[in-house]
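Notes follow the structure.
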Amino acid sequence: MNSLYLLFFIWHLVLMKGTKIAITAGIIVLAFGTLFHLQGIGMVGPESSFMYQNSQWTTNGIIIAIIGAAILGVGIFMKKRT
């Protein structure tokens, strides 16, 4: 059910706010997801961080990056349609 709300939010974002905002938001969310994943596997960030070498943040980072890629993909798709 949560994924249905996410898809509705993405669709609303693209249709109501424009494709540039969706593309920008997708890039930002994708970048943060990548950063969180890299912190989770211990490649970046300070060792004192609660996210450093934490398997939960490795998984969270992947999920966040996938959501960002979906938002970016919808934004690009809608831009090409107009």
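Each reported figure results from applying straightforward, stated rules to the coordinates on display, with no laboratory input. Small disclaimer: the values here were computed from a predicted structure and weren't measured. Note: ideal-geometry Cβ built from the backbone for every residue, glycine included; neighbour counts use all protein chains shown.
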Filter the stretch 33-61 down to the residues that are part of a helix (DSSP H, G or I), in contact with a helix residue (DSSP H, G or I) (Cβ under 7 Å, 6 or more places away or on another chain) and loosely packed, with under 15 Cβ neighbours inside 10 Å and list them by number. 55
Pair list, Cβ < 8 Å and 6+ apart or interchain, from the stretch 28-42 residues that are without any contact (Cβ under 8 Å) to a residue 24 or more places away in the chain and over 11 Å from residue 63 (Cα atoms) to residues that are among the β-branched types (Val, Ile, Thr) and in a loop (DSSP other than H, G, I, E, B): 38/44
